[in-house]
Amino acid sequence: MKKRNIVFVVLLTIFVTISVLSIRHQVKLTKEAAEMKTYLENRHNLEFVLVEPLYNWKFGSYGGSYYPKGHPDKRFYAEKMKNGYVASSFVEEWWVKQAETELTPLVKEKLGEDVVISISPVHGVDEELNITHPIPSYKEVKSSLSVFITFKETWKNDQKRKQQMIDIVQMNQQRNIEETTFSFENKDKSQYNISIYTDKPIKTMKEFDEQAQVFYFDKEGFLSEAKIDGTIIGTVKEG
């Protein structure tokens with residue numbers, strides 16, 4: 001009987017300890033998320049809505065997901081690191097939505113309705129550039145956005161298609177977008193990715209071919225470098 005009592009006391013102690021720690025964590029989580037909301041509102045002179053508090057177990061940082069009031073489609077994450085640095089994706093997500101709205105119809109007009117366009121940001125750019133609201137257009141600053149365009153077709157090094165791609169690269173470069181990737185997906189799930197990383201204007205097919213970085217992914221997910229004509233070169237690497 002005594003042994004059972006001891007076990008019961010031990011289990012009860014563990015349960016109470018875990019409960020107390022959980023409550024403390026929840027209180028801190030709520031407090032830190034609210035403080036982050038205040039920081040964002042002071043920084044951008046906007047009202048934000050807290051969607052949910054978040055804790056980053058990997059970095060031990062607190063924050064949450066938010067959106068500017070009246071713009072629930074512009075949801076973003078913000079967290080405060082242990083060293084005090086605030087990592088917020090507010091400005092980047094604003095740029096992504098802005099670029100998607102503007103570029104999607106233009107890209108589809110040039111390449112066809114079947115292509116899929118996605119835009120990715122580099123988080124932390126707003127802190128580095130010290131950008132606050134009102135947010136300048138992604139076209140007016142070094143926004144570091146990347147455009148990824150997917151075709152449901154095989155890459156054939158077709159001159160007409162390549163000229164269309166050059167037109168897209170030029171269009172993006174005029175908007176301060178230096179990275180454009182075209183992905184051609186084959187029926188067997190293999191694909192060619194053709195990327196242009198430069199702020200130097202691409203005017204000719206020769207310049208496009210010289211600047212293009214081409215990678216081939218086989219259907220198993222392994223990759224290797226390739227030439228613009230589709231020829232596989234180099235050693236196949238794990239994808």
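Anything in the range 115-128 that is at pLDDT 95 or above and in a loop (DSSP other than H, G, I, E, B)? List them, or say none. Even if it seems obvious, please write down each step before you answer.
Taking the range 115-128 first, the residues at pLDDT 95 or above are 115-119.
V115, the sole residue that qualifies.
Restricting to the range 27-49, name every residue that is surrounded by 16 or more Cβ atoms within 10 Å (Cβ to Cβ) and of a type in the set (A, V, I, L, M).
Within the range 27-49, L29, A33, M36, L40, L46 qualify.
If S143 satisfies all but one of (1) buried (at least 21 other Cβ atoms within 10 Å of the Cβ); (2) outside the structural domain of S190 (by TED's automatic domain parsing); (3) of a type in the set (G, A, S), what's the number of the condition it fails?
Here S143 clears every test but (2).
Residues K160, K203, K189, K156: which one is under 24 Å from P105 (Cβ atoms), among the basic types (K, R) and not in a strand (DSSP E or B)? Write out each step before concluding.
Details: K203 fails: under 24 Å from P105 (Cβ atoms); K189 fails: under 24 Å from P105 (Cβ atoms); K156 fails: under 24 Å from P105 (Cβ atoms).
Result of the check over K160, K203, K189, K156: K160.
Which of the following residues is of a type in the set (S, T, N, Q), out of contact with any Gly (no Cβ under 9 Å at 6 or more places or on another chain) and at pLDDT 95 or above: T180, T198, T204?
Unique residue meeting the criteria: T180.
So I131 fits all but one of (1) hydrophobic (A, V, I, L, M, F, W, C); (2) outside any helix (DSSP H, G or I); (3) at pLDDT 90 or above; what number is the exception?
Every listed condition holds for I131 apart from (3).
If we keep just the residues of the range 157-183 that are more than 21 Å from Q98 (Cα to Cα) and in contact with a strand residue (DSSP E or B) (Cβ under 8 Å, 6 or more places away or on another chain), which is surrounded by the fewest Cβ atoms within 10 Å (Cβ to Cβ)? So that I can check it myself, show each step before the final result.
Going through the range 157-183, the residues more than 21 Å from Q98 (Cα to Cα) turn out to be 157-166, 183.
Still in the running and in contact with a strand residue (DSSP E or B) (Cβ under 8 Å, 6 or more places away or on another chain): 165, 183.
Numbers: M165: 23, S183: 20.
The qualifying residue surrounded by the fewest Cβ atoms within 10 Å (Cβ to Cβ) is S183.
In the range 88-96, is there at least one residue being surrounded by fewer than 17 Cβ atoms within 10 Å (Cβ to Cβ) and either of a type in the set (S, T, N, Q) or part of a loop (DSSP other than H, G, I, E, B) (or both)? Before you say what the answer is, go through the steps one by one.
If we filter the range 88-96 for residues that are surrounded by fewer than 17 Cβ atoms within 10 Å (Cβ to Cβ), which is where we start, we get none.
No; the residues of the range 88-96 include none that is surrounded by fewer than 17 Cβ atoms within 10 Å (Cβ to Cβ) and either of a type in the set (S, T, N, Q) or part of a loop (DSSP other than H, G, I, E, B) (or both).
The values are calculated or read from the model by the stated rules, or taken from the named source; none is laboratory data. Keep in mind that what you see is a predicted model, and the values were worked out from it rather than measured. Counting neighbours? That spans all protein chains shown, and the Cβs are built from the backbone with ideal geometry, glycine included.
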